[in-house]
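S.K.: I'd like to ask you about the structure that follows.
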């Protein structure tokens, strides 16, 4: 039985970077248990949260993600012993950096979801999707993608004429 | 040499002080080369114009007698010891002239196993400050033309050097311009901050001077130069520029020694050291880590504790 579908004005794109041992299995459990969660999330599987470079997160935003979720094993449960401990520090630093350049940190969610926590996966994804939906599309990085930088402003009639004649 | 600690008021940094340091460096460098303790000395020689200096590798006692230390000696020489500048140095022990901020870079490189302490003979300089990048060099260094990093310097006296030239311990009466700027940016709303950095990053011409001058950017293949797959767009457009500066700040987090060379060499005057300082501050608050003049085995992002803060994780 399907829940009634609601039409929204805005469907956010959420990219989820997950570790294969815990969160991916957790999401799989949610699926096999027939739990419903927003289809906005695109799951990308990694060996470990320690493999998830901050560059991936940045690139997701640049290429059109409105929200990013990073999820892996609970501390102490890492398949590679310490990958998520290292990731935790790296993400704390990266979060601070993004905050400092002016990115709204509500769009970036980190979580620990184990292979047994299908319910928690549904909850995390639903929360983030609804939060980002309320915030609207993320303009910052996407706008940058479409901008060009000129060494000087087109501020004289001659330059303006030359510029217009190009197009 | 290190006879008496002095306190100097910034309004009047005596040019004679730099002369005294110069003499001490020459004495030491000549001695080291004469008795063949080292094969070369990395130091500063006078530049061709007045009020300038250029980094130099000297191998003879005659050349060593020309070495100087002046307010123009801003370069962090430790970059010449890294593998990014491969071939600069021959085999053997090398002496290097290092200010306090350069000492932190040396300590960082030793900690990252890039250089060995026993291969170095560090001639520390008790530095009274260097010129800012846009300073009037016809005047002696003063509160008006001192570099921003020197205004808040906490490492005037290098620790752990083999020999120290000069004896100054602190400067006073300088306004912490950079800390004020950092506080101003942190007080902005996220939208204003984004606009601030967007304006700065958009001007970047991707000359990569910040990378080339950084002692910690010694990777033989930079992530940002790779194109299969491409992590960071290489053309000087706002998108790629922002990505580059974020990656740079992230890769230096917990490693940067705060020499502010990136900011000095930037032809577009992007305040890069603000990013470095912000990250250093964050890592100090979170993990109580600071770049120091003594080598540390591990940086804050290469170690962990089981009870690290995870309040931001669901």
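S.K.: Determine the shielding of peptide B:281-290 by partner chains: average, over its residues, the number of Cβ atoms on other chains within 10 angstrom of each Cβ. Before the final figure, lay out each step's value.
M.R.: Numbers: counts 2, 7, 4, 0, 1, 4, 3, 0, 0, 0.
Partner-chain Cβ atoms within 10 Å, mean over residues of B:281-290: 2.
S.K.: Give me the distance in nm between label points sitting 7 Å out from Cα along the Cα-to-Cβ direction at residue A:126 and residue B:311, one decimal.
M.R.: The modelled label-to-label distance comes out at 2.8 nm.
S.K.: Something else now. I'd like the mean, over residues of A:83-94, of how many other protein chain beta carbons sit within 10 Å of each residue's own Cβ. Don't skip to the end; give the middle numbers.
M.R.: Working: counts 0, 3, 6, 4, 2, 7, 15, 7, 3, 12, 11, 6.
Partner-chain Cβ atoms within 10 Å, mean over residues of A:83-94: 6.
S.K.: Which of rounded, prolate, oblate describes the range A:1-137, given a ≥ b ≥ c as roots of the alpha-carbon gyration tensor eigenvalues and a/c under 1.5 marking rounded, otherwise prolate only if a/b is larger than b/c?
M.R.: Oblate shape, in that a/c is at least 1.5 and b/c is the bigger or equal ratio.
S.K.: Mind ordering B:94-105, B:186-197 by average Cβ neighbours within 10 Å, highest first?
M.R.: B:94-105, B:186-197
S.K.: Let me ask another. Let me make sure I get this right: for the range B:142-247, a, b and c are the square roots of the gyration tensor eigenvalues over alpha carbons, sorted descending. Under 1.5 in a/c it's rounded, otherwise prolate if a/b > b/c, else oblate. Which is it? Numbers along the way, then the final one.
M.R.: Details: a/c = 3.08, a/b = 1.45, b/c = 2.12.
Judged from the Cα gyration tensor, the range B:142-247 comes out oblate (a/c at least 1.5, b/c at or above a/b).
S.K.: Given springs between every Cα pair under 10 Å in a Gaussian network model of chain B, which of B:150, B:219, B:127 has the largest fluctuation?
M.R.: B:219
S.K.: Starting from the Cα of residue B:184, step 7 Å along the direction of its Cβ; do the same at residue B:52; then give the gap between the two resulting points in nm.
M.R.: With each label point 7 Å from Cα toward Cβ, the separation is 3.1 nm.
S.K.: Pop a pseudo-label 7 angstrom from the Cα along the beta-carbon direction at both residue A:35 and residue A:135 and give the gap in nm to one decimal.
M.R.: Result: 2.3 nm between the two label points.
S.K.: Please say if the range A:90-138 is rounded, prolate or oblate, where rounded means a/c under 1.5 for a ≥ b ≥ c the square roots of the C-alpha gyration tensor eigenvalues, and otherwise the choice is prolate for a/b larger than b/c and oblate otherwise?
M.R.: Judged from the Cα gyration tensor, the range A:90-138 comes out oblate (a/c at least 1.5, b/c at or above a/b).
S.K.: Round to a whole angstrom and tell me the spacing of the C-alpha centers of the range B:213-286 and the range A:94-167.
M.R.: About 20 Å separates the Cα centre of the range B:213-286 from the one of the range A:94-167.
S.K.: Please report, to one decimal in angstroms, the Kirkwood hydrodynamic radius of the range B:6-172 built from all distinct Cα-Cα pairs.
M.R.: So the Kirkwood estimate lands at 16.0 Å.
S.K.: Hey, another quick one. Sequence gap at least 6, Cα distance under 8 Å: using those rules, report the relative contact order of chain A to the nearest whole percent.
M.R.: About 31 percent, as a whole number.
S.K.: How high is the relative contact order of chain B, in percent, with contacts defined as C-alpha pairs under 8 Å that are six or more residues apart?
M.R.: Taking the mean separation of contacting Cα pairs over the length of chain B, I get 19 percent.
S.K.: Say R0 is 56 Å: what FRET efficiency, to the nearest 0.05, do residue B:227 and residue A:7 get from their beta-carbon distance?
M.R.: Rounded to the nearest 0.05, the efficiency is 0.85.
S.K.: Now, a different point. Could you work out how much longer the chain between residue A:156 and residue A:116 gets when fully extended? Use 0.36 nm per residue separation minus the Cα distance between them, nm to one decimal.
M.R.: Additional length available on full extension: 7.9 nm.
S.K.: Give me the inter-chain shielding for A:65-75: mean count of other chain Cβ atoms within 10 Å, whole number please.
M.R.: If you average over the peptide's residues, the count of other-chain Cβ atoms is 1.
S.K.: Turning to a different aspect of this structure: I'd like the distance between the alpha-carbon centres of the range B:149-202 and the range A:1-61, rounded to an integer number of Å.
M.R.: 41 Å
S.K.: Quick check on the protein assembly as shown: of the DSSP beta bridges with both residues there, what percent are antiparallel, nearest 5%?
M.R.: In the protein assembly as shown, approximately 20 percent of DSSP beta bridges are antiparallel ones.
S.K.: Is it possible to state the helix-based mean residue ellipticity at 222 nm for the protein assembly as shown, with each DSSP H run of 4+ residues giving -39500 (n - 2.57), the sum divided by total residues, to the nearest 500 deg cm²/dmol? What is it?
M.R.: After summing the helix terms and dividing by residue count, I get -11000 deg cm²/dmol.
S.K.: Can you put A:43, A:122 in order, fewest other beta carbons within 10 Å first? Before the final figure, lay out each step's value.
M.R.: On the way: A:43 17, A:122 21.
Listing A:43, A:122 from fewest to most nearby Cβ atoms yields A:43, A:122.
Values quoted throughout were computed directly from the atomic coordinates according to the rules given, and no laboratory measurement underlies them. The structure displayed is predicted, hence computed values, not measured ones. Virtual Cβ from ideal backbone geometry, glycine too; neighbours counted across all protein chains shown.
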